[in-house]
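The values are calculated or read from the model by the stated rules, or taken from the named source; none is laboratory data. Fair warning: this is a prediction, and the values are worked out from it, not measured in the lab. With ideal geometry, Cβ positions are generated from the backbone for all residues, glycine too; neighbour counts draw on all protein chains shown. Keep in mind that these areas ignore ligands, DNA and RNA; they rest on the heavy atoms of the full protein, side chains included. Shrake-Rupley method; radii C 1.70, N 1.55, O 1.52, S 1.80 Å.
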Amino acid sequence: MQIGWIKAVDFRSYRTLSVTPAPRLNVLHGPNGQGKTNLLEALGLLVTGRSFRTPRTADIPYWGAQSAALTGDLVRADAASQARRTLRRTIERLDDGHWQSSGESVEWARAIAFGWQDLDIVNGAPVARRRFIDGFAGRLFPVHVAALIQFRQLLARRNRLLQQRSGDPAALAQLAPWNEQFALVGMDLVNRRRRAVAALQTELARVYATLCATRSKVEIRYRTALGEASDAAALLAALDRAQREEARRGQTLVGPHRDDLTIEIDGVDARAFGSRGQQRLVALALRLAEVLPVTEAAGTAPVLLLDDALSELDPAVREQVVRELGAAQQVFLTTPEPPAVKGAAVFYVNAGGVAAA
Ligand SMILES: Nc1ncnc2c1ncn2[C@@H]1O[C@H](COP(=O)(O)OP(=O)(O)OP(=O)(O)O)[C@@H](O)[C@H]1O
Ligand SMILES: [Mg+2]
C-alpha cells in the first residue's frame, strides 16, 4: 500500500501541511527540531489512527489549537486488488476538556515505524520487548489489540483484589472466577506472541545477515515461565501454584505480563554483549523483518516510517540498508544530513514547512 497524498492542519509544529510522496523511497531531511519526526507521526497516524510516538492524544494538536486534522489517500495497487480510500482523521478537544480522536479504520492499512526508542527493544527492560512483540502481533492478528486491553483490565482487577486481601489466604476463593478468564485471555496472548516470534525468526536472520554482510546469525525466542505449555489449563495451574506467594506480595506473578524475549547474536545475548551499533542494527532488522509477515497477513505491503535509521551505522551497512529498502513498497526515511540516496524522492523539512527538492 501507499500514501497517495496527505494534508494536515494544526498537527504538531505544522499549521498547514501538504505532501504528495513518491510510491517508493522518500527521504525527509532538514536540521534538527524542524518537523521530520512530526511528519512521520502524521503519516503513521493517517494510516493506523494511532501515533507511534505517544498515547497522549492531547500532545498532538499545534500548541493552543482546539483540534488537529489529517486527510489523505491510502492506495492499494497490488495485483490482487485495487483500492483507494480517502480518509479524514481528527483530534478534538471536547467541552469537558477530554480529547477525542475519530476516523475510520482501513482493514488492510499497516505502518511499521522505527525510531531511536527501538534501541530499548534490544537493550532496555522486558516491557519494551513485550510492547514490541505486541505491536507486531497486533499488525498480524488485529484481535490481539483488543485482547491486550482486556488482559490489562483483568490483570488490574486481579491485582486490586490481591492487594485488598493481601495476607489473607481465605480470601483467595474470591479470585477463582477471575482466574479462569485471566488464564484464557492470557494464554491466547502468549500463543499469538509465539506465532509472531516464529513469523519473525526467518526474516530476522536474513535481514540482519544482509545488512551487515556477514554470516552472523540473530535469533529471537519467546521466554515464559510456562515453558512450552500452550493451553489455558497450564496458566491456571501456574496461578494455583503461585497462590500463596501472590497473596503475600499482593500482585499477579505469572502470566504474559511477566514474559520476555531473548535476542542473541551468534549465540550471545545482544542485550549484555552487543555493541551499540550492533544493537541498533538488530533493532532496525527487527522492524524490517516485520515487513514480509505483515504483508502476508494484511494482503498488501505496509508503509515504512524510519526515523533516523541510518545514524550510528557504518557506511557499508548504510548502503546495505538503502539497498534492502529498495525492495520495499513505500518508505519514508528521515535524516538530518543531505541525503546521498540515489533514486529517492527528496523533501526538505524546515521551519514547519516541507518542500519537494
Ligand atoms: N503540539 C505541538 N505544537 C507545536 N509544536 C510542536 C508540538 N509538538 C512538538 N512540537 C515542536 O516540534 C519540534 C520537533 O519536531 P520533530 O521532532 O519533528 O523534529 P525533527 O525534525 O525530527 O528533529 P530531529 O532531527 O532533532 O529529530 C520541536 O521543536 C517541538 O517544539
Ligand atoms: Mg526527529
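Data table
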item: Accessible area in square angstrom per residue, the chain, 1.4 angstrom probe; result: 47
item: Check: the stretch 127-299 dipole with +1 on Lys, Arg Cβ and -1 on Asp, Glu Cβ, in debye; result: 500
item: Partners for LYS36 among aspartates and glutamates (Cα-Cα distance below 19 Å; same-chain residues under 8 apart left out); result: ASP10, ASP59, ASP118, ASP307, ASP308, GLU312, GLU337
item: Protection proxy ranking, peptides 60-72, 337-349, average beta carbon neighbours within 10 Å, highest first; result: 60-72, 337-349
item: Kirkwood-based shape ratio for the chain, expressed as Rg/Rh from alpha carbons; result: 1.00
item: Relative packing of 10-22, 93-105, 298-310, which averages over residues the other C-beta atoms within 10 Å, highest first; result: 298-310, 10-22, 93-105
item: Whole-number Å³ per residue for the convex hull built on Cα positions in the stretch 224-274; result: 98
item: Solvent-accessible area, 1.4 Å probe, carbon plus sulfur percent, for the chain; result: 51
item: Debye, to nearest 20: dipole size of the stretch 223-357, +1 on Lys, Arg Cβ, -1 on Asp, Glu Cβ; result: 280
item: The stretch 180-338 - share of DSSP beta bridges that are antiparallel (%, nearest 5); result: 75
item: Given charges at Cβ of Lys, Arg, Asp, Glu: the stretch 137-259 dipole, positive-most of LEU235, ALA198, GLN174; result: ALA198
item: Cα-based Rg of the stretch 127-299 normalised by 2.2 N^0.38 Å, two decimals; result: 1.18
item: Interchain or long-range residues, amide H under 5 Å from GLY4's placed H; result: ASP73, LEU74, VAL75
item: Of all DSSP beta bridges in the chain, antiparallel share, percent nearest 5; result: 70
item: Axial C-alpha extent at least 30 Å, average Kyte-Doolittle at least -0.5 - helices from the chain (DSSP); result: 143-164, 176-211, 276-298
item: ASP231 accessible area, 1.4 Å probe, all protein chains in place, Å² to nearest 10; result: 90
item: Dipole magnitude (debye, nearest 20) for the chain, charges at Cβ of Lys, Arg, Asp, Glu; result: 200
